[in-house]
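Engineer: Here it is: the structure, laid out below.
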Amino acid sequence: MQSWDSLYIYYLSGTGNTRISSQWIAEEAGKRGLRTVVQQIDRLENIVMPSPDEKPLIGFAFPTHGFNAAPIMLKFMAGFPPHLCSKIFLLNTRGCLKLYKIFVPGFSGLALILPAFMLWMKGYKCIGIRSIDMPSNWMPLHPGLREKVIESIIHKAEPIIRIYANKILSGQKVWRGLYSLPADLLISPISVAYYIGGRFFLSKTFIANNKCNNCMICIKECPTASIKLVGNRPYWKLTCESCMRCLNHCPLKAIEAAHGMATAFMIIMSAVNTWLILFMVQALNIEPEAWWWKILTQFISIAVMISVAAVLYLIMHYAMGFKPINYLVRFTSLTTLPFWRRYKFLKKRKENTTVPCEK
Ligand SMILES: Cc1cc2nc3c(=O)[nH]c(=O)nc-3n(C[C@H](O)[C@H](O)[C@H](O)COP(=O)(O)O)c2cc1C
């Protein structure tokens with residue numbers, strides 16, 4: 001028997017997958033007569049919490065980023081007040097691809113385990129833990145999927161989410177997300193590496209090319225307020241989470257993931273890092289095989305790489321004011337290739353969806 005009178009879903013969505021998934025759950029709740037609030041947590045602003053006289057069920061929905069929950073969602077959960085309700089549920093959307101007729105599922109890593117643990121520490125009991133495979137939006141890794149493929153992945157996902165919604169709304173426990181626990185734990189070192197290093201590097205691979213007309217859409221829409229104008233062109237700060245909203249929403253397709261520039265950055269970063277480590281070993285007379293030095297070098301490397309990437313990015317940002325450099329960066333970006341589509345969540349479906357109660 002359900003013991004709640006309302007449903008609150010707090011979601012983050014870069015390109016629409018998690019947004020529509022939250023709306024499907026809200027629709028099922030609406031059919032049961034529940035008051036439904038579907039709240040996006042962009043910039044952690046204007047967030048409505050349940051009132052003390054309500055008995056809500058609370059859900060958290062978010063995309064998987066680097067085998068983990070999106071960092072802004074983890075921050076939101078870390079600051080989420082305790083004791084607003086007793087039961088909560090989680091949904092993470094993952095990137096699915098389709099090779100010929102085979103659906104290739106995404107990987108959650110720590111994306112469910114970590115939030116479940118964090119919220120459990122706050123006294124919440126997790127009754128639903130589930131991942132759902134939606135079209136992958138990771139444009140720097142692969143071109144956007146074709147409409148037919150997107151349609152088929154969504155067609156498969158929608159009933160799964162609606163069933164999940166009905167089960168948790170009727171009070172059943174769904175821990176499907178824990179089935180892949182061994183594999184998820186196995187790849188957890190990559191989740192950690194992405195969280196403490198990889199995501200910062202990725203934030204420094206975005207550029208606006210000469211087509212940019214300063215319409216400011218990317219700046220206004222960024223869920224982490226990580227894009228600002230520097231020298232009259234968008235500039236990505238280290239806080240960028242690579243959610244892909246800017247890259248996919250830019251009407252002029254002026255935003256690129258600069259593969260050539262990123263490769264050059266990696267070569268320079270590695271060279272600086274190797275030189276610095278060798279220099280420290282000699283200057284400080286350190287035993288290179290010492291266990292503590294091996295651990296320390298990992299942290300030094302991450303700090304060096306992030307700092308070098310940030311400095312190189314700033315230099316390149318100004319250098320791109322010169323047309324030849326701009327063209328060079330642009331034409332060494334895979335995202336400029338004609339077949340490198342952007343990810344578009346199908347508009348038709350978006351318009352057909354009715355949301356019971358959304359902020
Ligand atoms: C930077 C980045 C990292 C990603 N990492 C993963 C991942 O580790 N595992 C996975 O299955 N999908 C991954 N994806 C794919 C997205 O999680 C997936 O497409 C998600 O449904 C996007 O949701 P959204 O449209 O609500 O932003 C990643 C996407 C991006 C942009």
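Engineer: Just the residues that are outside any helix (DSSP H, G or I) and on the phi < 0 side of the Ramachandran plot, please, taken from the stretch 244-275. Give the derivation first.
Structural biologist: Here is the first cut: in the stretch 244-275, the residues outside any helix (DSSP H, G or I) are 244, 250-258.
Hits for the stretch 244-275 are 250, 251, 252, 254, 255, 256, 257, 258.
Engineer: All but one of (1) touching a strand residue (DSSP E or B) at 6+ places or on another chain (Cβ under 6 Å); (2) surrounded by fewer than 24 Cβ atoms within 10 Å (Cβ to Cβ) hold for residue 100; which doesn't?
Structural biologist: The single condition residue 100 does not satisfy is (1).
Engineer: Further question: How many residues are more than 21 Å from the chain's Cα centre (by Cα) and either in a loop (DSSP other than H, G, I, E, B) or not aliphatic (A, V, I, L, M) (or both) if we restrict to the stretch 104-139? First the steps, then the outcome.
Structural biologist: Just the residues of the stretch 104-139 that are more than 21 Å from the chain's Cα centre (by Cα), to begin with: 120-127.
Checking the rest, the ones that are also either in a loop (DSSP other than H, G, I, E, B) or not aliphatic (A, V, I, L, M) (or both) come to 120, 122-126.
Final tally of qualifying residues: 6.
Engineer: Yes or no: the stretch 222-236 includes at least one residue that is outside the structural domain of residue 75 (by TED's automatic domain parsing), under 18 Å from the mean Cα position of the chain (by Cα), of a type in the set (Val, Ile, Thr) and part of a helix (DSSP H, G or I).
Structural biologist: no
Engineer: Keeping to the stretch 47-80, report how many residues are within 19 Å of residue 202 (Cβ to Cβ) and either in contact with a Ser or Thr (Cβ under 6 Å, 6 or more places away or on another chain) or within 13 Å of the ligand (Cβ to nearest atom) (or both).
Structural biologist: So the count comes out to 12.
Engineer: Please enumerate the residues belonging to the stretch 24-55 that are touching a Pro at 6+ places or on another chain (Cβ under 6 Å), outside any loop (DSSP other than H, G, I, E, B) and either surrounded by fewer than 22 Cβ atoms within 10 Å (Cβ to Cβ) or at pLDDT below 95 (or both).
Structural biologist: If the condition is that a residue be touching a Pro at 6+ places or on another chain (Cβ under 6 Å), outside any loop (DSSP other than H, G, I, E, B) and either surrounded by fewer than 22 Cβ atoms within 10 Å (Cβ to Cβ) or at pLDDT below 95 (or both), then 30, 42 are the ones that fit.
Engineer: Within the group 94, 43, which residue is basic (Lys, Arg) and within 10 Å of the ligand (Cβ to nearest atom)?
Structural biologist: None of the other options fit; the residue is 94.
Residues are listed down the side, and each one gets a yes or a no for (1) within 16 Å of the ligand (Cβ to nearest atom); (2) within 21 Å of residue 72 (Cα to Cα):
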site	(1), (2)
100	no, no
109	yes, yes
130	yes, yes
139	yes, yes
168	no, no
183	yes, no
186	yes, no
192	yes, yes
197	yes, yes
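Engineer: Next question, about the same structure. Please state which of the following conditions residue 83 fails to meet, knowing it meets all the rest: (1) within 16 Å of the ligand (Cβ to nearest atom); (2) modelled with pLDDT under 95.
Structural biologist: (1)
Engineer: Collect the residues in the stretch 162-190 that are of a type in the set (D, E, K, R), under 19 Å from residue 23 (Cβ atoms) and in contact with a helix residue (DSSP H, G or I) (Cβ under 9 Å, 6 or more places away or on another chain), keeping them in residue-number order.
Structural biologist: Hit for the stretch 162-190 is 162, nothing else.
Engineer: Considering only residues that are under 18 Å from residue 200 (Cα atoms) and among the aromatic types (Phe, Trp, Tyr), which ones fall in the stretch 250-291?
Structural biologist: 265
Engineer: Scanning the stretch 1-23 for residues that are in a loop (DSSP other than H, G, I, E, B) and more than 13 Å from residue 91 (Cα to Cα), which turns out farthest from the ligand (Cβ to nearest atom)?
Structural biologist: Across the stretch 1-23, the extreme among qualifying residues is 1.
Engineer: Separate question: When you scan the stretch 299-337, how many residues do you find that are outside any helix (DSSP H, G or I) and in contact (Cβ under 8 Å) with a residue 24 or more places away in the chain? So that I can check it myself, show each step before the final result.
Structural biologist: Of the stretch 299-337, the ones outside any helix (DSSP H, G or I) are 320-322, 332-333, 337.
Filter once more, keeping what is in contact (Cβ under 8 Å) with a residue 24 or more places away in the chain: 320-321, 332-333, 337.
Selection size over the stretch 299-337: 5.
Engineer: It is to be established whether one or more residues within the stretch 69-81 are under 10 Å from the mean Cα position of the chain (by Cα) and in a loop (DSSP other than H, G, I, E, B).
Structural biologist: The first filter runs over the stretch 69-81 and keeps only residues under 10 Å from the mean Cα position of the chain (by Cα), leaving 69-73.
If we keep only those that are in a loop (DSSP other than H, G, I, E, B) too, we end up with 70.
Yes, the stretch 69-81 contains at least one residue that is under 10 Å from the mean Cα position of the chain (by Cα) and in a loop (DSSP other than H, G, I, E, B).
Engineer: Another question, then. Could you please give the count of residues in the stretch 128-143 that are surrounded by fewer than 19 Cβ atoms within 10 Å (Cβ to Cβ) and β-branched (Val, Ile, Thr)?
Structural biologist: Final tally of qualifying residues: 0.
Engineer: Looking only at the stretch 202-254, how many residues end up being among the aliphatic types (A, V, I, L, M) and either in contact (Cβ under 8 Å) with a residue 60 or more places away in the chain or loosely packed, with under 15 Cβ neighbours inside 10 Å (or both)?
Structural biologist: Within the stretch 202-254, residues that are among the aliphatic types (A, V, I, L, M) and either in contact (Cβ under 8 Å) with a residue 60 or more places away in the chain or loosely packed, with under 15 Cβ neighbours inside 10 Å (or both) number 10.
Engineer: A follow-up question, please. Can you give me the number of residues within the stretch 168-208 that are in a strand (DSSP E or B) and not assigned by TED's automatic domain parsing to the domain that holds residue 55?
Structural biologist: Total meeting the criteria: 3.
Engineer: Answer yes or no as to whether residue 199 is under 20 Å from the mean Cα position of the chain (by Cα), at pLDDT 95 or above and either crowded, with 16+ Cβ neighbours inside 10 Å or not β-branched (Val, Ile, Thr) (or both). Even if it seems obvious, please write down each step before you answer.
Structural biologist: Values: under 20 Å from the mean Cα position of the chain (by Cα): yes; at pLDDT 95 or above: yes; either crowded, with 16+ Cβ neighbours inside 10 Å or not β-branched (Val, Ile, Thr) (or both): yes.
Yes; evaluated as a whole, the condition is true for this residue.
The values are calculated or read from the model by the stated rules, or taken from the named source; none is laboratory data. Note that the coordinates shown come from a computational prediction; the quantities given were computed from them, not determined experimentally. Neighbour counts are summed over all protein chains in view; Cβ atoms, including those assigned to glycine, are modelled from backbone coordinates with ideal geometry.
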